[in-house]
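Reviewing the structure listed below.
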Amino acid sequence: MALQTFRTFNRLRAVAQPLAAALVVASLSFWSGPGSAGTVTINASTPVSETGGDDMVAMRRIFQDSSFPETNGGLPPAWPVIAPLAPQMVRLIDVFGDCGLDAAGNFVTCPLLEGQLGWLAQYKLSPHVVVGTSLPAGMSGNPESWDAASWARYQTFAIAAVKYVATQFGTGGFPQVMFEVCNELDITTAPTDMWPFDPANPPPIADPRRFAMEQNLYRVWANAVDLVAKANPTRTIQVAGPAMGSNSTFMTSAFWHVQFVKWVAANNLRLDAVTLHFYGGLEANSGNGPLALRDLGGAIRAALNAAGRGSVPIYLSEWGPSSWTDPNSAWGADFGRFNYRYPSAAWSAAFLRESLAGTFTGGTLLLMRDQMGNNTIGSPGIPSYTWFQNGTDFPKPYTNVFQMAMLMPGQRRAVVLPSATQPTIGALASTSATSAAVMVYNYKHRFDWNNNLVQDQTTTQSVAAQFTGLPFSTGRVTARRYLVDAATSNVGSAIDAGTLPVLSTVTLQQVETITNIRVRSGATVSLPARNLTPSAVTLWVITRQ
């Protein structure tokens, strides 16, 4: 719901441990913390999969795709911040705007496409190309009034474009490409996006004409991808859609993605991923509408299962803490600030957890960086990996949470939460043969659109962690703890103060190391209680000594 806004750039709506050095404590054992503490219990012998596959891989794929700013690519100097996240794809929007066909029906490339694909080839990233968002060069009219010959020419363009990106660009294309059809055609009002409709009679937001056009365009691109993919079986060439926004998820009585899945199946069209966009509150009735994030995924999964397409993945192909990006607007400032302040860290940890519950296995953070064109000052209210200031990219708080996710070893394991006494505490855990980890977060937010507030409803919680059933039943371990909160791993405090942060202090901070912890009976390791201040996220990683 947000990326279209950047075309005009203005339309969308407790004390930490010292940072100078990790605290090192030698001890024989730690049991539970103070009496008021709750305990997160990890059963390392019980694997968990809500997605039907490797949940840890799926969780990382949620943040391993992002969008380039439309006006430039420009990975450096952001790459040192982003590379540890092992990015897989980059979403490109409107890159076909000046491309077309010559008189013989051959694809004619254009500068923006060449520049953006060039960056991806250089860094060995895969293109996630949004298509159907502009009228190809050399074509005229709007598709609502096209004759059969016009649709046939558009089909020729789609086949040529898919073939060029996947197999012909540079030294032979890309081994993996995803083509996503349209971008929030349900709500967009940008003139370029409205190209499929009669300019004298544009459909209002969420009008059925918009959904009908999405189907028409999807059919063309699905046919093109299917043709090229079958001719190139050694490459992964995929088609996805419908990439709808808020009107298809929260603001209509019918969840249109479900209707889309039924329509695709009825027409026997190729579908390699169902895509939707998500911003804001995660829970049902959290300020956005009646459905929780996991409910949205569950409804799509049920539709896919019913259509015999149960193995098709579901991607959050555009997401962020908040869809409003201006932290200085008269209305929406609190939402814009949420995108760079530390509470977004707890939101993102909960977002990853809820995404797994909804069977989402991929996603695209709104932007890679919050820098546009040649700007030297980023726009921190934009959901992005980094805040760009004076030639330096600084990680935002949720980027540090993604770094935590990258530190978690092995496979996902079962967690028991102290939910009765500490309902705001959530956790994700994993173990390997030699190490284990648990990410614990303190999250409860309400997105109050009526009063322009993101309300943090958490209080400081004392939480201990206990691992049971570990694959190593004797010996000793070392525990390392990382933290994101108001005072730690938080570039937002510098942004609010108008100061330039020190990069080393706003990246993910290891705040504590405990050595010589004994593995006890039952292959158990107990870690001490620590305070989680409002919206804090902490990660414990234990490693066999």
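FYI, it's all coordinate maths here, none of it is from the lab. Keep in mind the model is a prediction, meaning the values are calculated, not measured. Because the Cβ atoms are built from the backbone with ideal geometry, glycine has one as well, and the counts that use them run over all protein chains shown.
Odds and ends about this structure:
- When Lys396, Lys124, Lys444 are arranged by Cβ crowding within 10 Å, least crowded first, meaning fewest neighbours, the order is Lys124, Lys444, Lys396.
- In terms of packing, defined here as the mean over residues of other Cβ atoms within 10 angstrom, the peptides 51-57, 306-312 line up highest first as 51-57, 306-312.
- Debye log10 I(q)/I(0) at q = 0.14, 0.22, 0.25 Å⁻¹ for the stretch 135-217, Cα point scatterers: -0.57, -1.10, -1.25
- Its residue count N sets the reference 2.2 N^0.38 Å, and the alpha-carbon radius of gyration of the stretch 172-246 equals 1.29 times that reference.
- Extending 7 Å from the Cα toward the beta-carbon at both Val57 and Asp98 defines two label points whose distance is 4.0 nm.
- Spatially, the stretch 82-122 and the stretch 385-420 are offset by 29 Å when compared through their Cα centroids.
- Think of it this way: in the chain, Cys182 stand alone, with no other Cys Cβ under 4.7 Å.
- Convex hull of alpha carbon positions in the chain: directionally averaged projected area 25.3 nm².
- Over all projection directions, the Cα-based convex hull of the stretch 323-406 averages an area of 6.1 nm².
- Ranked by how many other beta carbons lie within 10 Å on average, peptides 40-50, 58-68 from highest: 58-68, 40-50
- Each of Ser45, Ser248, Trp263 was scored by the projection of its Cα onto the charge dipole of the chain, and the greatest displacement toward the positive side belongs to Ser45; charges sit on the C-beta of Lys, Arg, Asp and Glu.
- Computed label-point distance, nm, for sites Thr543 and Ala266 using a 7 Å Cα→Cβ extension: 5.6
- Per-pair calculated FRET efficiency, R0 = 60 Å: Asn106 and Ser419 via Cβ, rounded to 0.05: 0.45
- In terms of overall dimensions, the C-alpha atoms belonging to the stretch 363-478 reach 56, 35, 24 Å along their principal axes, ordered largest to smallest.
- Placing +1 on the Cβ of every Lys and Arg and -1 on the Cβ of every Asp and Glu, with no other charges, gives the stretch 50-407 a dipole of roughly 720 debye about its Cα centre.
- Computed lengthening from Asn232 to Ala152, 0.36 nm per intervening residue step minus Cα-Cα distance: 26.5 nm
- Count of Lys pairs (Cα-Cα under 25 Å; at least 8 positions apart or interchain) in the chain: 6
- Antiparallel beta bridges, as assigned by DSSP with both residues in the stretch 50-407, represent about 15 percent of the total such bridges.
- Extension gain for the segment Asn450 to Met194, taken as residue separation times 0.36 nm less the Cα-Cα distance, is 89.2 nm to one decimal.
- Sum of -39500 (n - 2.57) over DSSP H runs of 4+, divided by residues of the chain (222 nm, nearest 500): -7500 deg cm²/dmol
- The slack between Ala306 and Gln176, meaning 0.36 nm per residue of separation minus the straight C-alpha distance, is 44.0 nm.
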